[in-house]
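This report concerns only the one structure given below.
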Amino acid sequence: MKVAIYPGSFDPVTSGHLNIIRRAANIFDKLLVCVMVNAGKNPMFTLEERVEFIRRVTSDIPNVEVDSSNELLAEYAKRKGSCVIVKGLRAGSDFENEFQMALINHKINPNLDTMFLTAEHQYMYLSSSTVKELGSYNVDLSDFLPEQIIPDFQERISTIQGGNRK
Ligand code: ADP
């Protein structure tokens, strides 16, 4: 059984992420979407919330499993018996970083390869951080976020804005 891992921060999962998840789930027998702990980032949603959001929006895809980890990705893949990491590649900015990470992961675990799926054109410039910025301006988010998480996202934005006004 070919198991692939799709790692990321998913803070929160966007329609661009979901597009990659659906396409990767069509290629592999099982796709493990893994929310990675990144000490350098200060997330808007907790690890548990991010995992729950991904579970909610992928509940119709039977071969997707959602997990979280604070391990090194190469170690996590070894433990899960997977030899493929899936990454989404957007216009411009992703390439240098992702290329470097793919080489490092392959060096640490030579059985591990990284496969890139190019972003769908309508999601080419979409990132979780863009959505978080747009969220403060009352913009319609239905092209950017899966509909099942929009109410929770908007509620969190209002809570943060309420807190900032105090
Ligand atoms: P970001 O905060 O930039 O959205 P993540 O760490 O959550 O980053 O992203 C996880 C993976 O998903 C990365 O491989 C990233 O390149 C990819 N990705 C993020 N947004 C998109 C998108 N709009 N289309 C395709 N791939 C994406």
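A few comments on the model shown:
- When you restrict to C-alpha pairs under 8 Å that are six or more residues apart and normalise by the size of the range 19-166, the relative contact order lands at 20 percent.
- Cα gyration tensor, the chain - rounded (a/c under 1.5), prolate or oblate: prolate
- 21 Å Cα-Cα reach of K30 towards lysines, excluding residues that sit fewer than 8 places from it in its own chain: K2, K78, K80, K87
- Computed over protein heavy atoms with a 1.4 angstrom probe, the accessible surface ordering of C83, C34, largest first, is C83, C34.
- Charge-dipole axis of the chain as Lys and Arg at +1 and Asp and Glu at -1 on Cβ define it, positive-most pick from F99, M124, G163: F99
- Solvent exposure ordering (accessible area, 1.4 Å, most first) of E48, E75: E48, E75
- Residue-level accessible surface for D94, protein heavy atoms, 1.4 Å, Å²: 20 Å²
- With every protein chain in place, the range 3-124: carbon and sulfur % of accessible area (1.4 Å): 52 percent
- Accessible area per residue (1.4 Å probe, heavy atoms of protein chains only) ranks I20, I27 as I27, I20, with the largest value leading.
- Dipole of the chain [Lys/Arg +1, Asp/Glu -1 at C-beta], most positive-end residue of T114, V64, N19: T114
- Loop-resident GluC sites (Glu not before Pro) (DSSP state other than H, G, I, E or B) in the range 107-157 with no more than 10 further Cβ atoms inside 10 Å of their Cβ are absent.
- Angle between the chain longest axis and helix 150-165 axis [Cα atoms, degrees, rounded to 10]: 60 degrees
- Residue range of the chain that is longest and free of chymotrypsin sites (Phe, Trp or Tyr not before Pro) which are both DSSP loop and sparsely packed (at most 13 other C-beta within 10 Å): 1-124
- The residues of the range 1-106 have, on average, 49 Å² of accessible surface per residue, using a 1.4 Å probe with all protein chains present.
The values are calculated or read from the model by the stated rules, or taken from the named source; none is laboratory data. Being a predicted model, the structure only gives us computed values, none of them experimental. Cβ coordinates were reconstructed from backbone atoms using ideal geometry, including for glycine residues, and neighbour counts include every protein chain displayed. When the accessible area is computed, the model is the full protein with side chains, heavy atoms only, and any ligands, DNA or RNA have been set aside. Shrake-Rupley method; radii C 1.70, N 1.55, O 1.52, S 1.80 Å.
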